[in-house]
Amino acid sequence: EESYKRINETDDQIQAFLTLDEENAREQAKALDEAEVDANQFPLFGMPIGIKDNIVTKGLRTTCASQILSNLDDPLYDATVIQKLNDAKSVNIGKLNMDEFAMGSSTENSSMKTTRNPWNTDYVPGGSSGGSAASVAAGQVPFALGSDTGGSVRQPASYCGVVGMKPTYGRVSRFGLVAFASSLDQIGPITRTVEDNARILEVISGQDQMDSTSANVDVPKYSEALTGDVKGLKIAVPKEYFREGVDENVQAKVKEALKVLEEQGAEWDEVSLPHSKYAVATYYMIASSEASANLARFDGVRYGKRSEKAKDMMEMFNLSRSEGFGEEVKRRIMLGTFALSSGYYDAYYKKAQQVRTLIKQDFDQIFEEYDVVIGPTAPTTAFKVGEKIEDPLTMYANDIITIPVNLAGVPGISVPCGFHPENNMPIGLQIIGKHFDESTVYQVAHAYE
Ligand code: GLN
């Protein structure tokens, strides 16, 4: 009830939700109230949660904020993460706005509505999980799920002053997450505190038969890593994350955060991740190539909308896709199709894969000596609605510090570390860990927080 009350009070301004599941949620909550079970046996008993609209929910509209799926009112199954949340007895409040098919950094690419940053509604909430971050920041739900392909959990968490985790690739099942770039996508929790975040990840992690890329690695109790102790821990601080283009006030706040950790007994050194500068170009080749293949399934036949103007089969494909996809999605499909076409494959796609390996090796090397890597989450704070939407390249450059983490497959979290003195918008601190070592990432984030 509190959740829906808060949504009623605030969502006219914030515009975070695309679909509310009020009747169902009330029924579920009532059943939990009346159930004669020990609530302590269920880690999320009765907790309201919001879900990014690219995670499939049985019987509940799932659109990816795209016109092509705007009539997908009755999906046939639940994503694995949704099943796991149901088993933990949380209550799904509804589906949250995003950039269409998770392509974007501001949620302005949604074909449905423009979500606003709760700290100042002139500003974007970040993206692509902007609805999830804004909803948590506005106090509508205590937790939300997002997805992160190149920063889409961490960057909006940073812009909205909340906590967002991208787990190790393979940690969380992608079954039922509508695929954007399958070798990069991971689902992650957005919450108000590090402890909440650890508790949600405990629930949604683990190997899944339905996703062959989910890893057979034990899931530790992340919440037990929150000791508050970071004595002797070794932090690497890449100089590339503090270069031009990264706002000086953002740099200053991150340095202050490092001091806090130093006072608690952690040690830090400046290091180099020399291939970081190629990350944005590499990512946009790989992500667009994978997207062009993944989005081939939206053809007017199997899912979603079919053009009413089509007179024959070819027109059905062409018009359904022309009418159904927005501009950014089309741009990515064209870029990806080009990069994969014969004659260009070696020069673009294959080259990008090779550089991806170099970027991963940069991290491998640093992690031989250090426990975590720390830097800003994004080069700036949130920007104003409309400010960058006409300029895709500036928008892409915004992902410069989050993208290497997806390319390497390692986990990364964003935690709030203060406000920008000029626009008063939140700043995010990014903590990056070794493969499958989310525990240390949470440990450091919690000690700082
Ligand atoms: N902003 C990046 C992009 O547009 C990342 C998106 C994401 O992580 N889903 O591709």
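Annotations
- Per-peptide average of other Cβ atoms within 10 Å, ordering 422-434, 209-221 highest first: 422-434, 209-221
- Local charge for Tyr222 was computed over the other residues whose Cβ lies under 13 Å away, with Lys and Arg +1 and Asp and Glu -1, and equals -4.
- For GluC sites (Glu not before Pro), the sites in the range 1-105 that DSSP calls loop and that have at most 15 other Cβ atoms within 10 Å are Glu1, Glu36.
- FRET E, pair Glu1, Glu224, Förster distance 35 Å, beta-carbon r, rounded to 0.05: 0.60
- Karplus (6.51, -1.76, 1.60) ³J(HN,Hα), θ = phi - 60°, over the range 361-373, in Hz, Gly and Pro reported as x: 5, 3, 5, 3, 5, 4, 6, 5, 10, 10, 7, 9, 10
- Less than 5 angstrom separates the built amide H of Asn71 from those of Lys305, all sequence-distant by 5 or more or on a different chain.
- Kirkwood Rh and Cα Rg combined as Rg over Rh, evaluated for the range 315-362: 1.18
- Residues whose amide H lies under 5 Å from that of Leu96, counting only those 5 or more places away or on a different chain, are Leu18, Ile51, Lys52, Asp53; hydrogens are built 1.01 Å from N in the peptide plane.
- Summary: within the chain, the longest segment free of chymotrypsin sites (Phe, Trp or Tyr not before Pro) located in DSSP loops with at most 14 other C-beta atoms within 10 Å is 78-343.
- Cα gyration tensor shape of the range 145-184, rounded if a/c is under 1.5, else prolate or oblate by comparing a/b with b/c: prolate
- Lys234 paired with Arg297, simple spin-label distance in nm, labels 7 Å along Cα-to-beta-carbon: 4.3 nm
- Estimated vicinal HN-Hα couplings, Hz - the range 63-68 in sequence order (Karplus 6.51, -1.76, 1.60; Gly, Pro = x): 10, 6, 6, 10, 5, 5
- Within the shell defined by Cβ-Cβ distances under 14 Å, the residues around Met285 carry a net charge of +2, with Lys and Arg each +1 and Asp and Glu each -1.
- Rounded to whole numbers, the Karplus 3J(HN,Hα) couplings from phi for the range 408-421 are 7, x, 8, x, x, 10, 10, 10, x, 9, x, 10, 6, x Hz, using 6.51 cos²θ - 1.76 cosθ + 1.60 with θ = phi - 60°, and x at Gly and Pro.
- Between Lys384 and Phe338, the contour length at 0.36 nm per residue exceeds the alpha carbon distance by 13.3 nm.
- Restricting the calculation to Cα atoms, the range 183-331 yields a radius of gyration followed by a Dmax of 22.8, 70 Å.
- Only lysines eight or more places from Lys305 in sequence, or on another chain, were considered; those with a Cα closer than 18 Å are Lys330.
- Heavy atoms of Ser272 accessible to a 1.4 Å probe, total area in Å² rounded to 10: 40 Å²
- 21 Å tail of the calculated P(r), the range 82-230, as % of Cα pairs: 41 percent
- Sites Lys350 and Ser272 - FRET efficiency at Förster radius 22 Å, r taken between beta-carbons, to 0.05: 0.25
- For Tyr241, net neighbour charge (Lys/Arg +1, Asp/Glu -1) across residues whose Cβ lies under 14 Å away: -2
- Taking every C-alpha pair closer than 8 Å and separated by at least 6 residues, the mean separation divided by the residue count of the chain gives a relative contact order of 18 percent.
- Per-selection Rg to Rh, the range 220-306 - Cα, Kirkwood hydrodynamic radius: 1.21
- Sequence-distant aspartates and glutamates (8 or more away, or on other chains) whose Cα lies within less than 19 Å of Lys30: Glu1, Glu2, Asp21, Glu22, Asp38, Asp87
- Both radii are taken from the alpha-carbon atoms of the range 320-392; with Rh as the Kirkwood radius, Rg/Rh is 1.12.
- Extension reserve of the Glu323-Thr121 stretch, reckoned as 0.36 nm per residue once the Cα distance is removed: 69.7 nm
- Gap separating the Cα centres of the range 43-81 and the range 373-440, nearest whole Å: 26 Å
- Average silhouette area of the range 1-141, convex hull of alpha-carbon atoms, in square nanometres: 8.3 nm²
- For the residue pairs Lys89/Lys388; Lys311/Lys351; Lys259/Lys434, the C-alpha atoms sit more than 32 angstrom apart in Lys89/Lys388; Lys311/Lys351.
- Scaling against 2.2 N^0.38 Å puts the C-alpha radius of gyration of the chain at 0.93.
The values are calculated or read from the model by the stated rules, or taken from the named source; none is laboratory data. Model, not experiment: these values are computed from the prediction. As a convention, Cβ positions derive from the backbone with ideal geometry for all residues, glycine included, and neighbour counts pool all protein chains shown. Calculation scope for accessible area: heavy atoms of the full protein, side chains included, ligands and nucleic acids excluded. Shrake-Rupley method; radii C 1.70, N 1.55, O 1.52, S 1.80 Å.
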